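Right, one structure below, let's go through it.
The values are calculated or read from the model by the stated rules, or taken from the named source; none is laboratory data. Keep in mind that what you see is a predicted model, and the values were worked out from it rather than measured. For neighbour counting, all protein chains shown are included, and Cβ atoms are generated from backbone atoms with ideal geometry for every residue, glycine included. The accessibility values were calculated without ligands, DNA or RNA, using every heavy atom of the protein model including side chains. Shrake-Rupley method; radii C 1.70, N 1.55, O 1.52, S 1.80 Å.
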Amino acid sequence: MFLDFMSEVEGLLTAALDRCGLKVDEGVNHLALEFSPHADIASSVSFRLAPLLKKSPALIAKEIYQALPKERRHVDRAELVGPYINFFMSCSFLHMVLEQALADDCWTGRQRQNVIVEHTSANPDGPLHVGHIRNSVIGDTLVRILRRAGCTVDAQYYVNDMGRQEAMVVVGCDHFQLDGSKADHAIAKVYIAANKLMEESDEAKARIKAEADLVIRRYEAGDPQIEAKIKSAIRYAIGGIEETLHRMNIRHDSYHWESEFVRSGSVAEIVGDLEKTGLTEWEDGAYQLDLSAHGFEKKMVLRRADGTSLYITRDLAYHKWKAANSDRAVDILGADHKLVSGQLRAALRLLNIREPEVVIFEFVSLPTGSMSTRRGKFISADELLDQVEKQAFEEVSVRRPDESEDFRRDVARQVAVGAVRYDVVKVSADKATTFDWRQALDFEKLSAPFIQYSLARACSILRKGEETEATREAKHLDPGLLTGENEVALLKKIAEFDMVIDRAARELKPHQLATYARELAEAFNLFYRYSPVLDAPEDLRSARLALVRAAGNALRVTLETLGIPALETM
RNA sequence: GGGCGCGUGGCCUAGUCAGGAUAAGGCGGCAGCCUCCUAAGCUGUAGAUCGGGGGUUCGAAUCCCUCCGCGCCCGCCA
């Protein structure tokens, strides 16, 4: 929709520049297109040409303006305002938007790549906390955005089964009993307890560390007894983690365990490949890769002194596999992984393996400081969801006191999922945040319920409007009646959907969709407030009803792409 | 100490990558709107040295330099 309008504008401008014998350097946005309150899209390309032509921008803009081809489909008119050329959408374009938005096939884009998105990948040593879910929500939203853009996506969870953390879980299970709480929480308790044990004395610390080291060595060597222990602890923890993820509408398509890559020999193979670069050496007893030529002071350790592999070595093998099995590989990682992910990419570059696209998100901290599973200092995702759901239940009970408790519980659950997801996704990934209960429990304008509510309003109109409409014979729809300011603004906002998705999918910026969702809901609410539908004269009523259906589709698809339940009533 | 990221009204954020026409929202404050399709909504109002300073440019929240503040990292952890 909007992309069609934009490419026509690009075509017009390119043709006009050509006719004038003007050239602008190729590059991103070389036509200087920009969004503007003065136009549907504007170009300030005249400024770029002014220094070259030594003429005033206004004069250049005038020449270009006069050379614009007259045959147009989506562009109604262009206006010359000083140095700016403003383009406006035609009525027929808006009619096309309405018609397309009433159907199903305009909501999926034309990107056709196979994409692997790895997200969450939290160590199975405890429940997800409010920091982890930033990863999960950003990751899952990107999965949905990429699918919406037309890609085939495999969402993957990388299971760290060979690391020290997991060995500590096994040590914890040896010393303490798992209690009856939710699986991931029960695992966290023994893990925290084992870590506490280490603080008792130097002797205890050495003893526990030795136990963990032994677990690591035996597991890497393929000891079946240890393997059974680790796998069962991990499956148990992941079961709990999955339960939480499912509660938030998040699902992984496949799981890859790091041990896979050790057992298959691909870790050894990639270490061998790195050896051939001549940049590796045994130093201080460990096998290291020198990346100083690539801007990394720190050497990358590939093997411990005892020969066992490290996280980053195994990750290298995993990424080699990902590169071979996708067109794009996307990693969602916390800010603490900046350095290692940089080293990882540098090492892959050395081997001529396509690098992953890495989305880094900054930390979520508590008002009291940073979170830590090991120290038991965190707010779990389950606790957050429970609290938000409780608050939502109270609010829905105030608003819909006559509805059954089942209805209110159901709405509260869906509102809570949306509120939590939207709260996370609305903030740009490169902003560090502090978790705030008051904000998490606020369901007003800058939140998911605001958007869900707009859809519920649309659905309510449709329920009432279409039972009478259905009895009439199919009648001619005249979109030309939708000329009100709010109606046109709503149509234009609906049209933007494809561009927002396309851009978010290319730039991997899910918060752009969150911003769009809010704007779409605002546009609908203004229309709702000022353009009565059911009480309008017959023809206008039909046209507005169609607009409500179109806006409802846009809201529904937008919410689904954000992983937020699209409620028909609330 | 070095590397990366961030700094926008009292608070939270969009806009920064691709510099342009009056800095955009929310929360909180104040003042309004339910005989009218769900008021989780809508309207108005007050409130900003876009961290400070320099530079590039016709034009800088946006690009460059520098300083300050905050976060993350600099493990044979992940």
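Miscellaneous remarks
- Close amide H pairs (under 5 Å, H built 1.01 Å from N) link A:Arg303 with A:Tyr287, residues at least 5 positions away or on another chain.
- Charge dipole (Cα centre; +1 on Lys/Arg Cβ, -1 on Asp/Glu Cβ; no other charges) of segment A:386-478 amounts to roughly 200 debye.
- Residue separation of A:Arg463 and A:Asp284 scaled by 0.36 nm, minus their Cα-Cα distance, works out to 57.1 nm of gained length.
- Probe 1.4 Å - accessible area at A:Trp107, Å² to nearest ten: 10
- Aspartates and glutamates whose Cα lies under 15 Å from that of A:Lys276, excluding same-chain neighbours fewer than 8 positions away: A:Asp290
- For trypsin sites (Lys or Arg not before Pro), the sites in segment A:72-171 that DSSP calls loop and that have at most 14 other Cβ atoms within 10 Å are A:Arg73, A:Arg110, A:Arg112.
- Only Cα pairs under 8 Å and 6+ residues apart enter the sum, and on that basis the relative contact order of chain A stands at 16 percent.
- Per-bin percent of Cα-Cα distances, chain A [20 Å]: 18, 43, 29, 10, 0
- Here the extension length gained between A:Arg529 and A:Asp179 equals 120.6 nm, from 0.36 nm per residue of separation less the Cα-Cα distance.
- Here is the P(r) of segment A:468-570: all C-alpha pair distances, binned every 10 Å from 0, give 14, 43, 30, 12, 2 in whole percents.
- For segment A:2-89, alpha-carbon Rg over 2.2 N^0.38 Å: 0.98
- Segment A:196-284 gives an Rg/Rh value of 1.10, both radii derived from C-alpha positions and Rh following Kirkwood.
- Counting charges near A:Asn486 (Lys, Arg +1; Asp, Glu -1) among other residues having Cβ under 12 Å from its Cβ returns a value of +1.
- Unit charges on C-beta of K, R, D, E only; dipole of segment A:407-532, Debye: 420
- FRET efficiency estimate (nearest 0.05) - Cβ-Cβ, A:Gln225 to A:His246, R0 35 angstrom: 0.65
- Nearest-ten-degree value, helix A:164-175 long axis tilted from longest Cα axis of chain A: 60
- Neighbour net charge for A:Ala268 - beta-carbon separation under 15 angstrom, K R +1, D E -1: -1
- Counting only alpha carbon atoms, the long axis of helix A:183-197 and the longest principal axis of chain A meet at about 50°.
- Positive-end ranking of A:Gly307, A:Leu441, A:Phe296 along the dipole of chain A, with charges on Cβ about the Cα centre, is headed by A:Phe296.
- Relative to the Cα centre, the charge distribution of chain A, modelled as +1 at Lys and Arg Cβ and -1 at Asp and Glu Cβ, gives a dipole magnitude of about 820 debye.
- With the biggest extent put first, the Cα atoms of segment A:399-447 measure 43, 17, 15 Å across the principal axes.
- Charge context of A:Arg438, other residues only, Cβ under 13 angstrom, K/R +1, D/E -1: -4
- Note: relative contact order over segment A:2-89, using C-alpha pairs below 8 Å and six or more positions apart, is 33 percent.
- Axis angle, to the nearest 10 degrees, between helix A:132-148 and the longest C-alpha principal axis of chain A: 50 degrees.
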